[in-house]
Structure formats: structure tokens, C-alpha cells
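> Okay, here's the structure, questions in a sec.
The values are calculated or read from the model by the stated rules, or taken from the named source; none is laboratory data. All values reported here derive from a predicted model rather than from experimental measurement. Counting neighbours? That spans all protein chains shown, and the Cβs are built from the backbone with ideal geometry, glycine included. For accessibility, only protein heavy atoms count, side chains too; no ligands or nucleic acids. Shrake-Rupley method; radii C 1.70, N 1.55, O 1.52, S 1.80 Å.
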Amino acid sequence: MNKANLYQQANGVQRRDAMEILKEYAPLISCSRGADETTLLDIGCGSGDVLVDFILPVLGRGNGSVGRVLATDVSEQMVRHARESYRQHKSIEFDTLDIGAKLDASKLARWGQFSHVTSFYCLHWVQNQHVAFANIYNLLQSGGDCLLVFLANNPIFDIYNQLSRSPKWSKYMYDVEKYISPYQYCENPAGEIEELLCTVGFQQYQIQVRDKLYVYEGLDNLKRAVLAVNPFSERMPHELQDKFLLDYIAVVRQMYLTKTGNDENDCNLQFISPYKLVIVYAKK
């Protein structure tokens, strides 16, 4: 998940979902106060394109602009890439943040609190959900709100599990559980998330869990998407990375996620990815 350039080329599903959800939630999160009073924290900004292309235009719809913006990611490479890509956006500050680690008082004091917190396709990578939600609550101003979008489950996590049991790949995937959504095998993710929200202090919130579908057109598009978020391949010798991808595709076929075509090199081959997406809107 440190391949910033590749991620920006292969994050079609993330961009599609962000655009759709932001359009839907625009009436709730659009700024109603003056730009100088409006502050935004984006958690898991990745390459920065979702923030700049979708979040900021929607958030500033009420008055045309947003004040201070802090964009964060756990990956230093992602932060450097985003900072360089959007250096012309002087109002955006980029910094590293592990939202799953308890924030110390000095960092909280330095950053202050925000009127809005957003996070798209990040929180399913965080195993300590309680700490993450508590951090978000503490980073919000009184009356501030957050819009959090993350995966409940996705076939990619089942594929990781299956490959990790192979003697060929187990030594590179020894910590596979760290990279599987905490809600992957949860029967009632909305219930668990509601309990978390209440525990950390939120009283006003809404939670949706939606069934979604994304189709990767062609083998190359699927490979790029897999490489962009796969945390294991960079541990492997270069000559094994292509073999890992081939085994990944074989598992995809076994799971009946292939829609058309029989040839792995067929550009018309379609790969179906059904998943459940969590949308949380909460106000402090």
C-alpha cells in the first residue's frame, strides 16, 4: 500500500464510491460557516486525488471555499506523493497519521480540532477500531461531523486468507490478519459500529451497510488494482511477484468471480468484485 503512483492509476472503485456518496451526503457536510472557521481532517488521503477532486468541492459548496485542510495517511510515501502532486494547493497540509494508534497530547495540541473529518477506504485497514473511532471523536470540534466510508467485507480478504495458507506464500503473508477488515466475517457490522460510536461518545449518527459491485475490465486492470493495495508483494523477490499474481488470479477463478472469457490474456475478461460498504455519518 506504499505504491502511490500505481494506486492513483488503479483506484477506480474508490473514486466511484467517493463521488457517489459525497453527492448524496453533500447537504449534510457542505460548509455553512465562514471559510476561516471551516477546518477539515482527511484520514487515509492516499494519493490525494479523492480529497482534491471530490471532498473539497463538495465540502465548500456552501460558501465556495474551505479553510485549513490537513490530509493524513499512515504511509510516508503516500504523503510525499500527495504533497508533491498537490503542492499548488497551499491551503492543504500533508502529514503522517496512524489513526489506529492512540494520539498523544502533543500531537492533539499541535493539530487542534476540526469541524469536519472525512475518511474514504481507510478504516478497514485498522485493526484497533475502538482507538480509531476514539481518535476521530477527539479530533472533532463540538458540533463537528465526520463522514467515514470503509469496507465491511470484500473477496480480496478471502483471497489473502487462502493464499496465506499456501506453503509458497505463507512466509510472506505471516501477518495476513492485519490486512483483513475487522468486519469481514461479522454478521452484524452495523451493530458493532453503533456500539463503538456510542462507547467513544457519539450520540448523533447514522450507519448504512450497502451491497456494492465493481467490475474490473480486463486482466491488466485487475492486476494493477491488486498490486496497488497488496501489502505482501513488496516483501517478495521481484521474480516471485508475477507468480503471486498468477496464483491470485487462479483463486479469483475458483471463486467464480470471472464473468466472461477463458484466456487470462483476454482484454475482454471481466472480474466481478461484490462487497459490502459501510457509510457512517456522525456528529459530535
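> Can you tell me which residue is farthest from Tyr25 (Cα to Cα) among those in segment 163-192 that are among the hydrophobic types (A, V, I, L, M, F, W, C) and touching a helix residue (DSSP H, G or I) at 6+ places or on another chain (Cβ under 8 Å)?
Trp169
> Looking at segment 235-251, I want the residues that are under 17 Å from Arg165 (Cβ atoms) and have a partner that is in a helix (DSSP H, G or I) and open to solvent by 50 Å² or more (accessible area, probe 1.4 Å) with Cβ atoms under 9 Å, at least 6 apart or on another chain. Which pairs are those?
Partner pairs satisfying both residue conditions: Met236/Lys243; Tyr248/Lys223; Val251/Asp158; Val251/Gln162.
> For segment 122-165, which residues satisfy the criterion of being within 13 Å of Ala282 (Cβ to Cβ) and touching a Pro at 6+ places or on another chain (Cβ under 6 Å)?
Passing the criteria: none in range.
> Give me a count of the residues in segment 127-149 that are surrounded by 14 or more Cβ atoms within 10 Å (Cβ to Cβ), in contact (Cβ under 8 Å) with a residue 40 or more places away in the chain and within 23 Å of Leu59 (Cβ to Cβ).
Count: 12.
> Name the pairs whose Cβ atoms lie under 9 Å apart, with the first residue in segment 69-95 and farther than 24 Å from Gln113 by Cβ, the second open to solvent by 70 Å² or more (accessible area, probe 1.4 Å), and 6 or more positions between them or separate chains?
From segment 69-95, the pairs are His81/Asn5.
> Another question about this same structure. Within segment 32-46, is even one residue at pLDDT 90 or above, touching a His at 6+ places or on another chain (Cβ under 6 Å), under 25 Å from Val200 (Cβ atoms) and crowded, with 16+ Cβ neighbours inside 10 Å?
If we filter segment 32-46 for residues that are at pLDDT 90 or above, which is where we start, we get 39-46.
Pick out the ones that are also touching a His at 6+ places or on another chain (Cβ under 6 Å) and you get 40.
Filter once more, so that each one left must be under 25 Å from Val200 (Cβ atoms): 40.
Next, only the ones that are crowded, with 16+ Cβ neighbours inside 10 Å stay: 40.
Yes, some residue in segment 32-46 is at pLDDT 90 or above, touching a His at 6+ places or on another chain (Cβ under 6 Å), under 25 Å from Val200 (Cβ atoms) and crowded, with 16+ Cβ neighbours inside 10 Å.
> Which condition number in (1) touching a Phe, Trp or Tyr at 6+ places or on another chain (Cβ under 6 Å); (2) farther than 30 Å from Val58 by Cα; (3) in a helix (DSSP H, G or I) is the one that Phe157 fails?
Of everything listed in (1) touching a Phe, Trp or Tyr at 6+ places or on another chain (Cβ under 6 Å); (2) farther than 30 Å from Val58 by Cα; (3) in a helix (DSSP H, G or I), Phe157 misses just condition (1).
> Under 7 Å between Cβ atoms, which residue pairs at least 6 apart in sequence (or on different chains) link something in segment 152-168 that is on the phi < 0 side of the Ramachandran plot and basic (Lys, Arg) with a partner that is open to solvent by less than 20 Å² (accessible area, probe 1.4 Å) and part of a loop (DSSP other than H, G, I, E, B)?
Cβ pairs passing all conditions: none.
> When you go through Ala109, Ala152 one by one, which is the residue that is farther than 18 Å from Gly201 by Cα and either buried (at least 19 other Cβ atoms within 10 Å of the Cβ) or among the β-branched types (Val, Ile, Thr) (or both)? Show your work before the answer.
Working: Ala109 fails: either buried (at least 19 other Cβ atoms within 10 Å of the Cβ) or among the β-branched types (Val, Ile, Thr) (or both).
Step by step, each of Ala109, Ala152 is checked, and only Ala152 is farther than 18 Å from Gly201 by Cα and either buried (at least 19 other Cβ atoms within 10 Å of the Cβ) or among the β-branched types (Val, Ile, Thr) (or both).
> Do you know which residues across segment 174-216 are open to solvent by 70 Å² or more (accessible area, probe 1.4 Å) and in a loop (DSSP other than H, G, I, E, B)?
Tyr174, Tyr185, Glu187, Asn188, Gln203
> Further, regarding this structure: Taking only segment 91-102 into account, find how many residues are closer than 19 Å to Lys284 by Cβ and open to solvent by 20 Å² or more (accessible area, probe 1.4 Å).
Just the residues of segment 91-102 that are closer than 19 Å to Lys284 by Cβ, to begin with: 97, 99, 102.
If we keep only those that are open to solvent by 20 Å² or more (accessible area, probe 1.4 Å) as well, we get 102.
Of the residues in that region, 1 qualify.
> Mind listing just one residue for me: the one in segment 14-31 that is open to solvent by less than 30 Å² (accessible area, probe 1.4 Å) and at pLDDT 90 or above and, of those, farthest from Leu277 (Cα to Cα)?
Ala26
> Shifting gears a bit: For segment 66-84, enumerate the residues that are within 16 Å of Asp98 (Cβ to Cβ) and β-branched (Val, Ile, Thr).
Residues satisfying the conditions are Thr72, Val74, Val79.
> Just for segment 223-239: of the residues that are part of a helix (DSSP H, G or I) and open to solvent by less than 10 Å² (accessible area, probe 1.4 Å), which one is farthest from Glu20 (Cα to Cα)?
That would be Ser233.
> So, one more: Scanning for something open to solvent by less than 20 Å² (accessible area, probe 1.4 Å), among the charged types (D, E, K, R) and assigned to a loop (DSSP other than H, G, I, E, B), does segment 269-284 turn up at least one residue?
no
> Within segment 57-89, take every residue that is of a type in the set (Gly, Ala, Ser), touching a helix residue (DSSP H, G or I) at 6+ places or on another chain (Cβ under 8 Å) and at pLDDT below 90 and give me the one that is most open to solvent (accessible area, probe 1.4 Å).
Of everything passing the filter in segment 57-89, Gly64 is most open to solvent (accessible area, probe 1.4 Å).
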